[in-house]
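Just below is one structure, and these are the notes that go with it.
The values are calculated or read from the model by the stated rules, or taken from the named source; none is laboratory data. No experiment lies behind these values; they were computed from the predicted model shown. Cβ: placed from backbone, ideal geometry, glycine included. Neighbour counts: every protein chain shown. Please note that ligands, DNA and RNA were not included when accessible areas were found on the heavy atoms of the full protein model with its side chains. Shrake-Rupley method; radii C 1.70, N 1.55, O 1.52, S 1.80 Å.
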Amino acid sequence: MKFLDEAKVYIRSGDGGAGAVSFRREKFVEFGGPDGGDGGRGGDVWVEAVNGLNTLIDFRFQQHFKAKIGTHGMGRNRTGANGADVTLKVPVGTQVLEEDGETLIVDLTKEGQRFRLAKGGNGGFGNAYFKSSTNQAPNWANPGQEGEEKTIWLHLKLIADAGLVGLPNAGKSTFLATVTRARPKIANYPFTTLHPNLGVATIDGREFVLADIPGLIEGAHEGVGIGDRFLGHVERTRVLLHLVSAQEEKVGKAYKTVKTELEAYGGELIDKPEIVALSQIDLLDDKERKKKAKELEKACGRPPLLLSAATGEGMLEALRALRDIIVSAAEGGDTALPDRSVPETDADTLSDEE
């Protein structure tokens, strides 16, 4: 299934049915009078967040949604049937915006959440409604009210607990494939990942959702490369795992490049808890590993994690660090990063014991 996270949709609710003008005329009935029924109400247009969807691809093939009109009233005081509603089923995490693309109508963050986007028109009154002691034979009725119509934008921002960010080929997709059952495309060239991928990681009996987005390069906020539009999918995360490849000649500069793009994007991404990791360390010898770790620590201000998806080194520590922040945030506690200043031997012993 192709990934689509933005769609423009036209919606229109149903018009109300018109009231009827009718008089009772039956043989051997002495008194007749008005008996025109009311029109039915037009259908509404709803949007609902449902489980099992992670893309807006359905809205590429259908962009117009119209609810049914109400049935007109009829004689013998028969009221018209209400028009059928229309429901737009979208993934959890979808935002509905006005046509300007900026004004938020509703943010659907929970499964089953519903919102009425357009209200159907009321049905018109039949002439029986207007009968009174001073006007016993009204010969008019109300037309039904018109429905509402508008153009809206659907923006999908995936719901995930943790997000993976970094330059292209930083090892994000490899990390996701190693710790989850997701199978993103992995290859040795830039921009292998062209759309976000989700996976569920499990550590010590706890599960959390990881989101992998396409890599960022310098100038992404200006549209360079794939741009930064996919950063919206990590806006809802509680923590970011920033991977810096050990293959980078200047790891400090690589870190700062991504941080600059996060700051330029906005959305409070720069303020999220961040775990920095030097990835693909299996490609370095001990001397080069220490040198680049020290350079990265100087750039980010704290000791980075050292990990390799190929050998499994540091993977448990990374998952536990993510889990601790996610659990703390869910419980409303402190999301400060854990202290990793302990000697490596102690940390390794702790991992083995757990």
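Residues that are touching a residue at least 60 places away in the same chain (Cβ under 8 Å), in contact with a strand residue (DSSP E or B) (Cβ under 6 Å, 6 or more places away or on another chain) and among the polar types (S, T, N, Q) within the stretch 38-73 comprise just one, 54.
Among the residues of the stretch 48-56, is there at least one that is at pLDDT 95 or above and buried (at least 20 other Cβ atoms within 10 Å of the Cβ)? Yes, there is a match, as at least one residue in the stretch 48-56 is at pLDDT 95 or above and buried (at least 20 other Cβ atoms within 10 Å of the Cβ). Note on the stretch 142-159: among residues that are open to solvent by less than 20 Å² (accessible area, probe 1.4 Å), modelled with pLDDT of 90 or more and under 21 Å from the mean Cα position of the chain (by Cα), the one that is nearest to residue 247 (Cα to Cα) is 156. Of all the residues in the stretch 7-60, those that are touching a helix residue (DSSP H, G or I) at 6+ places or on another chain (Cβ under 8 Å) and acidic (Asp, Glu) number 2.
Taking the stretch 129-160 as the range and being touching a Ser or Thr at 6+ places or on another chain (Cβ under 6 Å) and either of a type in the set (Asp, Glu) or without any contact (Cβ under 8 Å) to a residue 12 or more places away in the chain (or both) as the test, only 148 passes. Please work out if residue 270 is open to solvent by 10 Å² or more (accessible area, probe 1.4 Å), free of Cβ contacts under 8 Å to residues at least 12 places away in the same chain, in a helix (DSSP H, G or I) and β-branched (Val, Ile, Thr). So residue 270 fits the description; yes.
Set side by side, the residues 35, 44, 15, 85 differ, and just one is among the charged types (D, E, K, R), surrounded by 15 or more Cβ atoms within 10 Å (Cβ to Cβ) and modelled with pLDDT under 95, which is 35. Take residue 309 and tell me if it is of a type in the set (Gly, Ala, Ser), in a loop (DSSP other than H, G, I, E, B), within 20 Å of residue 168 (Cα to Cα) and in contact (Cβ under 8 Å) with a residue 60 or more places away in the chain. The answer is yes for residue 309. Considering each residue of the stretch 12-20 in turn, at least one proves to be closer than 24 Å to residue 136 by Cα, in contact (Cβ under 8 Å) with a residue 60 or more places away in the chain and in contact with a strand residue (DSSP E or B) (Cβ under 7 Å, 6 or more places away or on another chain). For the stretch 233-261, the set of residues classified as surrounded by 21 or more Cβ atoms within 10 Å (Cβ to Cβ) and out of contact with any strand residue (DSSP E or B) (no Cβ under 7 Å at 6 or more places or on another chain) consists of 248, 261, listed by residue number.
Restricting the stretch 273-313 to residues that are in contact with a helix residue (DSSP H, G or I) (Cβ under 6 Å, 6 or more places away or on another chain) and of a type in the set (S, T, N, Q), the residue that is nearest to residue 166 (Cα to Cα) is 308. The set of residues in the stretch 312-335 being touching a residue at least 24 places away in the same chain (Cβ under 8 Å), over 24 Å from residue 290 (Cβ atoms) and either in contact with a Cys (Cβ under 8 Å, 6 or more places away or on another chain) or open to solvent by 20 Å² or more (accessible area, probe 1.4 Å) (or both) consists of 323, 327, 329, 330, 335.
Among the conditions (1) surrounded by fewer than 16 Cβ atoms within 10 Å (Cβ to Cβ); (2) in contact with a Ser or Thr (Cβ under 8 Å, 6 or more places away or on another chain), residue 285 misses just one, which is (2). The condition of being out of contact with any Leu (no Cβ under 6 Å at 6 or more places or on another chain), surrounded by fewer than 23 Cβ atoms within 10 Å (Cβ to Cβ), modelled with pLDDT of 95 or more and acidic (Asp, Glu) does not hold for residue 111.
When 193, 178 are checked against the criterion of being closer than 30 Å to residue 247 by Cα, β-branched (Val, Ile, Thr) and more than 23 Å from the chain's Cα centre (by Cα), a single residue qualifies: 178. State whether the residues of the stretch 42-50 include one that is touching a Pro at 6+ places or on another chain (Cβ under 9 Å), closer than 24 Å to residue 154 by Cα and not in a loop (DSSP other than H, G, I, E, B). Looking through the stretch 42-50, at least one residue is touching a Pro at 6+ places or on another chain (Cβ under 9 Å), closer than 24 Å to residue 154 by Cα and not in a loop (DSSP other than H, G, I, E, B).
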